[in-house]
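Worksheet: one structure, shown below.
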Amino acid sequence: MTATGPLELQDPVLVRDASRTTLSGRVDGHELYFRTDAGHGLAFGAEPFLCAMLLPAMEQARDIVIPATLTASARFLANLDRLQDVYTVWYPAFRKIAIDVRIRPDEAPADERGRGLFFSGGLDACHSLQKYGASIDTLVYVRGIDMQLDDDALYRQCLEGNIEIAEACGKSLLAIESNVRFFIRKLSRDGIGWGVAQGCGLGSLANALGLPVISISSSAAYDDLAPQGSHPLTDPLCSSDRVRIEHVGCESRRHEKLLEVAADDFLLQRIRVCWQDRGLNCGECEKCLRFRMALTLAGLRSRNFEPLTDYAELDKAPIDSPTHYLDWEDNLRLARVMGNEAASRELERRLRRYRSRQLIKQADELWFGGILRRLGRRTAP
């Protein structure tokens, strides 16, 4: 245990009233909450809190203490131990920590009724619904993941669209509100973003909801997998004896998912990919531009997106990370599949520019000890 002391969960409480059910607690003065309407209960256990606390605790090398009013299953704690082993390899600055919590015996797995899918209305989730829908009965839409918590108008718009999809597909829609994304960032002092925390954040929500099985849609194919927040290796390690978490969809690349989803025009016309809180899809962020180009390359139209015909628009979305590189490389694959030579040349040029920048950075570190990087910082406005 470090000198800063452990991360202690305080005042965990489950409150039900006529309109809603709320599970909440506080850590280092930061509240974490989960809220649904009165028709769906939440699980009063340690698992939702432990998933949300784990990464900040590992980053700060602080043990976790859970009050005796809450318990966690032995299977869940064994999974979390393995999860820590993975994270300490992926992120060397993280440290394995101890968890002080009362352990309850594992229960027999629940039957398969209550199989959910986290559903934001994006391409990955729509593909999972299309491909695995026969075994799914509940779409779970989370307020507070892909938009700010105070944007009521956008939330209602997205919720109505997802209800429309659920009803058309014969599924129920379960809406839950949580600040888990913002809680993890605050508890880590802005050190951990959603790109690292996504799997634990969704694991926290899954354990709060208590559905026997719930699926998380992959954003990467098997050969593009790298350490990231949501991953087929780590997502299932947030499972407990009561909740099994699955990571699905790695067998398909993004452009393959698009071509498959396009067979269902109802879904295609309702896809939302944007996180910018500027309407359903802003059309100008990196995700929107990439998706607009994919639609145009595939010869598809969606009511939520304008076609991308001027490649100069792509200047608004420079490739600046390995993840973005892989995403745009997939658009290159689609351009080649569709025989679009002009788009292929443009994407090859942009991908080559990124590789060149990375090569210069590596050469600077290897041969010049980072002097070019330091000079660039000094001359930056």
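For region 73-84, filtering for residues that are within 24 Å of the chain's Cα centre (by Cα) and open to solvent by less than 30 Å² (accessible area, probe 1.4 Å) leaves 5. The set of residues from region 304-336 being within 24 Å of the chain's Cα centre (by Cα) and part of a loop (DSSP other than H, G, I, E, B) comprises ASN304, PHE305, ALA317, PRO318, ILE319, ASP320, SER321. For region 166-176, the condition of being open to solvent by less than 30 Å² (accessible area, probe 1.4 Å) and farther than 18 Å from GLY121 by Cα holds for none of the residues. Checked against (1) at pLDDT below 95; (2) under 30 Å from LEU297 (Cβ atoms), ARG377 passes all but condition (2). The criterion of being in contact with an Asp or Glu (Cβ under 7 Å, 6 or more places away or on another chain) and polar (S, T, N, Q) holds for GLN148.
The condition of being open to solvent by less than 10 Å² (accessible area, probe 1.4 Å), closer than 26 Å to LEU42 by Cβ, touching a helix residue (DSSP H, G or I) at 6+ places or on another chain (Cβ under 8 Å) and not β-branched (Val, Ile, Thr) does not hold for CYS274.
Scanning region 303-315 for residues that are of a type outside the set (Val, Ile, Thr) and surrounded by fewer than 19 Cβ atoms within 10 Å (Cβ to Cβ) gives ARG303, GLU306, PRO307, ASP310, TYR311, ALA312, GLU313, ASP315.
Out of ASP124, ASP150, ASP146, ASP111, one residue alone is at pLDDT 95 or above and among the acidic types (Asp, Glu). It is ASP124. Quick check on region 122-144. Is at least one of its residues open to solvent by 20 Å² or more (accessible area, probe 1.4 Å), in contact with a Lys or Arg (Cβ under 7 Å, 6 or more places away or on another chain), touching a residue at least 24 places away in the same chain (Cβ under 8 Å) and not in a helix (DSSP H, G or I)? Yes. Quickly run through region 50-72 and pick out the residues that are among the charged types (D, E, K, R) and open to solvent by less than 40 Å² (accessible area, probe 1.4 Å). Once the filter is applied, which keeps residues that are among the charged types (D, E, K, R) and open to solvent by less than 40 Å² (accessible area, probe 1.4 Å), region 50-72 yields ARG62, ASP63.
Among the residues of region 20-49, the ones that are of a type outside the set (Asp, Glu) and open to solvent by 80 Å² or more (accessible area, probe 1.4 Å) come to 3 in all. Among the residues of region 190-219, those that are outside any helix (DSSP H, G or I), out of contact with any helix residue (DSSP H, G or I) (no Cβ under 7 Å at 6 or more places or on another chain), open to solvent by 10 Å² or more (accessible area, probe 1.4 Å) and touching a residue at least 24 places away in the same chain (Cβ under 8 Å) comprise GLY210, LEU211, PRO212. Before we move on, is PHE94 at pLDDT 95 or above and either within 30 Å of TYR132 (Cα to Cα) or open to solvent by 70 Å² or more (accessible area, probe 1.4 Å) (or both)? When the stated conditions are applied, PHE94 does not pass them.
Screening region 4-19 for residues that are assigned to a strand (DSSP E or B) and among the acidic types (Asp, Glu) and picking the one that is surrounded by the fewest Cβ atoms within 10 Å (Cβ to Cβ) gives ASP11. Of everything listed in (1) touching a Ser or Thr at 6+ places or on another chain (Cβ under 7 Å); (2) crowded, with 20+ Cβ neighbours inside 10 Å, the single unmet condition for VAL248 is (2).
Going residue by residue through region 147-159, is there one that turns out to be free of Cβ contacts under 8 Å to residues at least 60 places away in the same chain, of a type outside the set (Asp, Glu), in a loop (DSSP other than H, G, I, E, B) and buried (at least 21 other Cβ atoms within 10 Å of the Cβ)? Checked against the condition, which is being free of Cβ contacts under 8 Å to residues at least 60 places away in the same chain, of a type outside the set (Asp, Glu), in a loop (DSSP other than H, G, I, E, B) and buried (at least 21 other Cβ atoms within 10 Å of the Cβ), region 147-159 yields no hits at all. In summary, PHE119 fulfils each of the numbered conditions (1) over 18 Å from ARG244 (Cα atoms); (2) surrounded by 13 or more Cβ atoms within 10 Å (Cβ to Cβ) with the single exception of condition (1).
The values are calculated or read from the model by the stated rules, or taken from the named source; none is laboratory data. Keep in mind the model is a prediction, meaning the values are calculated, not measured. Glycine gets a Cβ as well: all are built from the backbone with ideal geometry, and neighbour counts include every protein chain shown. Just so you know, the surface numbers come from the protein's heavy atoms only, side chains and all, with ligands and any DNA or RNA stripped out. Shrake-Rupley method; radii C 1.70, N 1.55, O 1.52, S 1.80 Å.
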